[in-house]
Amino acid sequence: MLSRVQQLVGVVLLACSGCSQNITTSPSSESATPMQAAKDKQGGTSTEPISKPVLRKFEFHYAFRLNKVSDGSRIRMWIPVPRSSKYQIVKEIQKTLPDGKATIGVESRHGNTILYVEPTVSDEKFIDLDIAYQIQRSEILVDQLTVDDVPKKTRELYLAANRRVPIDGDAVELIAGVERSDDTFQLARIIYDRVGEHMRYDKSQPGYGNGESEWACQNGFGNCTDFHSLFIALARSQSLPGRFEIGFPLPSDKKQGEIGGYHCWAFFHDSQVGWVPTDISEADKHPELKEYYFGNLTANRVAFTTGRDIDLVPKQESEPLNFFIYPHIEINGKACSKEDIDLKFRFRDIGN
């Protein structure tokens, strides 16, 4: 008899010959590609997972320069640190920090790792920081997810509203009248499809990028934060835990280069499947991968932090962070303007 995950694989994986152009495959893999696995599973020729997760190994530099530093200023800097998990192995290989106090802390709600720096202000009019990591990232495949028990405290955290992600209001009306399912996996698919139908990836107009579910509902466009805040709001409104994760994308067609900005995705929790990933904004940009991105994630990314409304360690003077991917810097107790920070993120693929 097929397991529940195996029964669901045919629903969420795409038997599409054109999909592989956006998925980096390992040249040393001796197994079928994820797309071939999907074909076999949908055709009923196998009851066991035959695909290996694709791996991508790379160096990643997280760097920035703080400009307009004045003598006598008290500067506090918080930097997100990627941590190892089931899907990525992280090793710090180089670190250039300014002179001064530096500590590592972990915030208690989501478990994010945070580098805290209080630099000594010198005659220089700028402060540089550059940290290099060696990372091996694994593709996430729905047929290989692990069923896990979610502690009550964690479940409550990912069912609760965030400041910009309420679990009631106008956004919930998006699924009013939609035929529901008592199966949480299928319910999540209904929500995934509804968000995909309602939203389009578009950054040509102001207002996007804050991850406000009500704004996304009203405007119907935005970037990844807007897509996934809407998905999480709808999921939580139906008592389906939803979790926000943010990091950086890696181009599938390049082996090195600079990265312009962040990317985020979302997970929902099914008690019989586990934490299931979705990437609806990528599905919108690549419609041929719509089925794939419900339950699967490519290895072309690195995760840095989880959650919204984040208090840092030690606590910042400003309000909780909407999300945490860029450095948070305070000068004399006030959050630093983004215009005063030159960000530079870059990567380079390395051999397996």
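Taking region 216-272 and the strands (runs of 3 or more DSSP E) fully enclosed by it, no element has 3 or more residues that are more than 9 Å from the chain's Cα centre (by Cα) and among the hydrophobic types (A, V, I, L, M, F, W, C).
Screening Glu339 on (1) crowded, with 21+ Cβ neighbours inside 10 Å; (2) assigned to a helix (DSSP H, G or I) shows it passes everything except condition (1).
Taking the criterion of being in a helix (DSSP H, G or I) and acidic (Asp, Glu), the residues of region 159-180 that qualify are Asp170, Glu173.
Among the residues of region 284-304, some residue qualifies, meaning at least one is modelled with pLDDT of 95 or more, of a type outside the set (Phe, Trp, Tyr), within 20 Å of Arg236 (Cβ to Cβ) and touching a helix residue (DSSP H, G or I) at 6+ places or on another chain (Cβ under 6 Å).
Yes or no, residue by residue, for (1) of a type in the set (S, T, N, Q); (2) modelled with pLDDT of 50 or more; (3) surrounded by 13 or more Cβ atoms within 10 Å (Cβ to Cβ):
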position	(1), (2), (3)
Leu14	no, no, yes
Asn22	yes, no, yes
Ala38	no, no, yes
Thr45	yes, no, no
Glu48	no, no, no
Ile75	no, yes, yes
Ile79	no, yes, yes
Gln94	yes, yes, no
Gly100	no, yes, yes
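Here the condition is being touching a residue at least 40 places away in the same chain (Cβ under 8 Å) and under 29 Å from Asp183 (Cα atoms); of Glu288, Glu258, it holds for Glu288 alone.
Listed residues Glu59, Glu107, Glu124, Glu118; which is touching a residue at least 24 places away in the same chain (Cβ under 8 Å), over 21 Å from Gly261 (Cα atoms) and touching a Lys or Arg at 6+ places or on another chain (Cβ under 8 Å)?
Glu118
Within the set Val121, Val178, Val172, the sole residue that is over 20 Å from the mean Cα position of the chain (by Cα), closer than 19 Å to Leu66 by Cβ and modelled with pLDDT under 95 turns out to be Val121.
Answer yes or no as to whether Glu139 is touching a Leu at 6+ places or on another chain (Cβ under 8 Å), modelled with pLDDT of 95 or more and under 21 Å from Leu297 (Cβ atoms). Yes; evaluated as a whole, the condition is true for this residue.
Looking across region 273-285, the residues that are crowded, with 17+ Cβ neighbours inside 10 Å and either among the aliphatic types (A, V, I, L, M) or not in a strand (DSSP E or B) (or both) come down to Val273, Val276, Asp279, Ile280, Ser281, Glu282, Ala283, Asp284. Among the residues of region 181-215, those that are charged (D, E, K, R), assigned to a helix (DSSP H, G or I) and closer than 17 Å to Gly169 by Cβ comprise Arg194, Glu214. Within region 298-336, the set of residues being in a strand (DSSP E or B) and of a type in the set (Gly, Ala, Ser) comprises Ala303, Ala335.
Within region 316-333, the presence of a residue that is buried (at least 20 other Cβ atoms within 10 Å of the Cβ), of a type in the set (Phe, Trp, Tyr) and more than 23 Å from Gly209 (Cα to Cα) is excluded. Pairing residues of region 186-203 that are hydroxyl-bearing (Ser, Thr, Tyr) with residues that are surrounded by 18 or more Cβ atoms within 10 Å (Cβ to Cβ) and in a helix (DSSP H, G or I), at Cβ distances under 6 Å and at least 6 apart in sequence or on separate chains, gives Tyr201/Ser281; Tyr201/Asp284. Within region 175-213, the set of residues being closer than 14 Å to Ile280 by Cβ and basic (Lys, Arg) comprises Arg189, Arg194, Arg200. It is to be established whether one or more residues within region 137-157 are under 18 Å from Leu321 (Cβ atoms) and in contact (Cβ under 8 Å) with a residue 40 or more places away in the chain. Scanning region 137-157 turns up at least one residue that is under 18 Å from Leu321 (Cβ atoms) and in contact (Cβ under 8 Å) with a residue 40 or more places away in the chain.
Of all residues in region 199-220, none satisfies being among the aliphatic types (A, V, I, L, M) and out of contact with any strand residue (DSSP E or B) (no Cβ under 8 Å at 6 or more places or on another chain).
The values are calculated or read from the model by the stated rules, or taken from the named source; none is laboratory data. Everything numeric in this text was worked out from a predicted model, so none of it was measured. Virtual Cβ from ideal backbone geometry, glycine too; neighbours counted across all protein chains shown.
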